[in-house]
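There's a structure below that I have some questions on.
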Amino acid sequence: MPAGRKQADESEMPQSDSPENALRLRWVETWRRAGEELERLREKEIASIDTQEAVRQIFGSEVTALPPAPPTSGLVEQQAWFAQVLRVRRGL
């Protein structure tokens with residue numbers, strides 16, 4: 001019999017029923033669940049960060065205060081400018 005050919009009486013398991021595939025599926029499911037849990041942990045850690053303390057640890061104790069954050073990201077103001085340009089172009 002040529003190499004690589006199986007005898008006709010050998011039973012073949014479909015790929016989906018093989019032990020290797022079952023192990024692979026279990027591995028994927030395990031990491032999917034782990035990913036969800038790691039994401040929850042990440043969000044919890046981010047929410048609990050003391051920014052002032054982190055800055056002090058990075059830059060030393062000579063940094064006493066952070067500059068105030070801007071009141072907005074600027075997106076609202078940008079949209080207002082776009083609306084104004086649109087009104088001018090339309091002659092409103």
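The values are calculated or read from the model by the stated rules, or taken from the named source; none is laboratory data. Only a predicted model underlies this, so the values are computations on that prediction, with no experimental measurement involved. Reconstructed Cβ throughout: ideal geometry from the backbone, glycine too, with neighbour counts over all protein chains shown.
Could you list, in sequence order, the residues of the range 42-71 that are of a type in the set (Val, Ile, Thr) and either surrounded by 10 or more Cβ atoms within 10 Å (Cβ to Cβ) or modelled with pLDDT under 75 (or both)? Explain how you work it out, then say what you get.
Residues of the range 42-71 of a type in the set (Val, Ile, Thr): 46, 49, 51, 55, 58, 63-64.
Passing the criteria: Val55, Val63, Thr64.
What's the number of the only condition in (1) surrounded by 10 or more Cβ atoms within 10 Å (Cβ to Cβ); (2) modelled with pLDDT of 80 or more that Met13 fails to meet?
With (1) surrounded by 10 or more Cβ atoms within 10 Å (Cβ to Cβ); (2) modelled with pLDDT of 80 or more applied to Met13, the lone miss is (2).
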